[in-house]
Amino acid sequence: KTIRPGQYQATRDWIRPAHIHLKVHRRGYEELTTQVYFKDDRYNQGDRILQALSNEEKQRVIVDFKNTEAGKPKEGRFDITLSVV
């Protein structure tokens with residue numbers, strides 16, 4: 001559970017979209033460092049990091065957060081898979 005982060009100015013001509021950094025590790029597995037993006041963020045199209053990914057990779061890191069019930073927080077799904085070392 002978290003709050004939606006804001007966008008920020010990375011350089012004079014680059015605004016980073018809202019995203020959440022994740023770092024997951026478990027003994028015996030490869031460490032995963034990634035970012036989760038919000039599907040409806042208007043700055044996704046101009047994000048240099050996100051746009052460097054393949055379409056398949058983008059689909060994995062862009063999450064569509066939706067209302068499940070009126071008055072409840074939005075929910076989204078982000079699956080994590082770790083590889084054995």
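The values are calculated or read from the model by the stated rules, or taken from the named source; none is laboratory data. Since we're looking at a predicted model, the values are computed, not measured. Counting neighbours? That spans all protein chains shown, and the Cβs are built from the backbone with ideal geometry, glycine included. The area values use the complete protein model at the heavy-atom level, side chains included, leaving out ligands, DNA and RNA. Shrake-Rupley method; radii C 1.70, N 1.55, O 1.52, S 1.80 Å.
Any chance you could count how many residues in the stretch 18-40 are assigned to a loop (DSSP other than H, G, I, E, B) and under 30 Å from VAL85 (Cβ atoms)?
First, the residues of the stretch 18-40 that are assigned to a loop (DSSP other than H, G, I, E, B): 18, 25-28, 30-31, 39-40.
Restricting the remaining residues to those that are under 30 Å from VAL85 (Cβ atoms) gives 25-28, 30-31.
Qualifying residue count, the stretch 18-40: 6.
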Discussion item. Please go through (1) surrounded by 12 or more Cβ atoms within 10 Å (Cβ to Cβ); (2) acidic (Asp, Glu); (3) part of a loop (DSSP other than H, G, I, E, B) for GLU57 and return the number of the only condition it doesn't satisfy.
Written reply: (3)
Item to complete: Filter the stretch 6-17 for residues that are part of a loop (DSSP other than H, G, I, E, B) and either surrounded by 13 or more Cβ atoms within 10 Å (Cβ to Cβ) or touching a residue at least 40 places away in the same chain (Cβ under 8 Å) (or both) and give the result.
Response: GLN7, PRO17
Worksheet item: What do you reckon, is ALA52 open to solvent by 80 Å² or more (accessible area, probe 1.4 Å) and modelled with pLDDT under 95?
Response: no
Worksheet entry | Tally, over the stretch 59-85, of residues that are over 20 Å from GLY6 (Cα atoms) and of a type in the set (Lys, Arg) | 2
Item to complete: Go over the candidates ILE20, ILE80, ILE3 one by one and state the one that is open to solvent by 100 Å² or more (accessible area, probe 1.4 Å) and of a type in the set (A, V, I, L, M).
Response: ILE3
Worksheet item: Among all residue pairs at least 6 apart or on different chains, which show Cβ distances below 6 Å where the first residue, located in the stretch 57-69, is closer than 14 Å to THR81 by Cβ and the second is part of a helix (DSSP H, G or I)?
Response: none
